[in-house]
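Everything on this sheet refers to the single structure shown next.
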Amino acid sequence: MSVAISGGGPAGLMLGLLLARKGVEVTVLEKHEDFLRDFRGDTIHPATMELLDQLGLHDRFHKIPYGKFQNVGFGKDLQVGSLTELGLRYPFVAIAPQWDFLNLIAEEAQRYPSFTLNMRSQVVDLLPEGGVRYRDPGGEHELRADLTVACDGRDSLLRAKAGLPVRTIGAPFDVAWFRLPRRDPDVEEFYYRVAPYKWIVGFDRRTYIQLAYVFDKNRREKLIADGIEAFRDGVARTVPELADRVALLRSFEEDVSFLDVQVNRAIRWYGKGLLLIGDAAHAMSPMGGVGVNYAVQDAVGAANILSDALKSGGPVPEHLLRAVQKRRELPVAVMQRLQLLMQRRLIEPALRGEVANVPKMATLMRRVRPARRALMRLLAVGLRKESIR
């Protein structure tokens, strides 16, 4: 049997690798020419690192320079606890550039003769008989497949083509992403600051700082209308350590990328010969940085359920596609519910111009050990940890 995967992100590449290891013919179509793009999720959670161990990629992953987060919380006054309490093999979240992670998975997958990765190949339609139509520099082509997997993001074309409806859960904020150079190459820089009407979070990316400026969805037009100078001033006042670098932000068009934050979930993750996983099935909030982990866990769950049927040939039975959704939907729904709770308690007050004291939830978690450990395990591992079979 053959599988066509639309999208070379964490879900698509991991699924492609796992199926190729089983001898399934799989082609991943990625519209960009490489993975070197800014403003993608960089958080590699403990559960994902354990999966990399299962794949024999431990040494290669840990050669990638990355930062570490061990403490769970939101700034100095909102610490909940440390992942070291959980007894995990990896008691931290690694902050590793996503392009390094994707290159690692792609290189491993290309060791298998049944795996093909086509870059600069944009999927444009579903084929009624199974597979996709895609466009590359050589023109338009058809790729017939017994199963098509949509890993093409929160605005999934294949999901729309299949007419699979989405339940919008909502998020009250958007994010302006930008980057500034590091001040000292020998000192890691991480920032977390809350001020009226905005949050600013900064992650060290080896040669520069990637920053997220979180603001109310209703304020995007005003933010742009106020101009880049006002934006620079807001950053400098909120994070004074960056004041000597904000002048490098010349314009919104050149130096700032806006993310329309969505939290949603497809009502049905499958159709005839089609499966949705990752953001195509469920867009997650940036809260907790869990997007990569949930995409990878989706891929592992799908591979475990579908591999035998794919190897045996013939159409994939619908009940197996339904089984993928049944296994992965509850962990996703629980995490989305937690993200909404954090948004309401932590972000929305700031976006209304309020900077509250330590929320009761954080205080409770610090005092009640079982609740604290349950929250941290949910963030670090998920409700249901997948293991490669």
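The values are calculated or read from the model by the stated rules, or taken from the named source; none is laboratory data. Remember, predicted model here, so these are calculated numbers, not experimental data. In this analysis, Cβ positions are derived from the backbone assuming ideal geometry, glycine residues included, and neighbour counts consider all displayed protein chains. Areas reflect the complete protein model, heavy atoms only, side chains present, ligands, DNA and RNA absent. Shrake-Rupley method; radii C 1.70, N 1.55, O 1.52, S 1.80 Å.
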remark   = Row for the stretch 105-226, column shape: gyration tensor on C-alpha, a ≥ b ≥ c, rounded if a/c < 1.5 i.e. under 1.5, prolate if a/b over b/c, else oblate; value oblate
query = Once you sort the root eigenvalues of the Cα gyration tensor of the stretch 241-290 as a ≥ b ≥ c, which label holds: rounded (a/c under 1.5), prolate (a/b larger than b/c) or oblate (the other case)?
reply = prolate
task = Whole number in Å², please: accessible area per residue of the chain, 1.4 Å probe, ligands, DNA and RNA not counted.
result = 44
inquiry  = Per DSSP helix of 4 or more residues, -39500 (n - 2.57); summed, then divided by the residues of the chain. What does that give at 222 nm, rounded to the nearest 500?
reply    = -10500 deg cm²/dmol
message = Leaving ligands and nucleic acids out of the surface, order V368, V149 by accessible area at 1.4 Å, largest first.
response = V368, V149
task = Provide the per-residue ³J(HN,Hα) series for the stretch 174-183, in order, calculated from phi with Karplus coefficients 6.51, -1.76, 1.60 and θ = phi - 60°, each as a whole number of Hz, with x at glycine and proline positions.
result = 10, 10, 9, 8, 7, 9, 9, x, 6, 6
task = Go through K272/K326; K22/K63; K31/K311; K217/K385 and tell me which ones have a Cα-Cα distance over 22 Å in this structure.
result = K22/K63; K31/K311; K217/K385
query = Percent of accessible area on the chain owned by carbon and sulfur, 1.4 Å probe?
reply = 49
task = Taking the Cα centre of the chain as origin, sum charge times position over the Cβ atoms of Lys and Arg (+1) and Asp and Glu (-1), and report the length of that vector in debye to the nearest 20.
result = 1640
ask   = What does the accessible area of S307 come to, in Å² to the nearest 10, when a probe of 1.4 Å is used?
value = 10
ask   = Which order, highest average first, do 29-37, 372-380 follow once you tally other Cβ atoms within 10 Å for each residue and take the mean per peptide?
value = 372-380, 29-37
note = Checked the stretch 2-45 against the a/c 1.5 cut and the a/b vs b/c comparison, axes a ≥ b ≥ c from its Cα gyration tensor; verdict oblate
message = Over the stretch 1-154, what portion of Cα pair distances is larger than 24 Å, expressed as a whole percent?
response = 41
key: Whole-number percent relative contact order across the stretch 123-265, with pairs defined as alpha carbons under 8 Å at least 6 apart   = 23
inquiry  = What's the ranking of 259-265, 274-280, 285-291 by average number of surrounding C-beta atoms within 10 Å, highest first?
reply    = 274-280, 285-291, 259-265
query = Which one is right for this structure if percent of Cα pairs over 27 Å apart is calculated from it: (1) 42; (2) 69; (3) 51?
reply = (3)
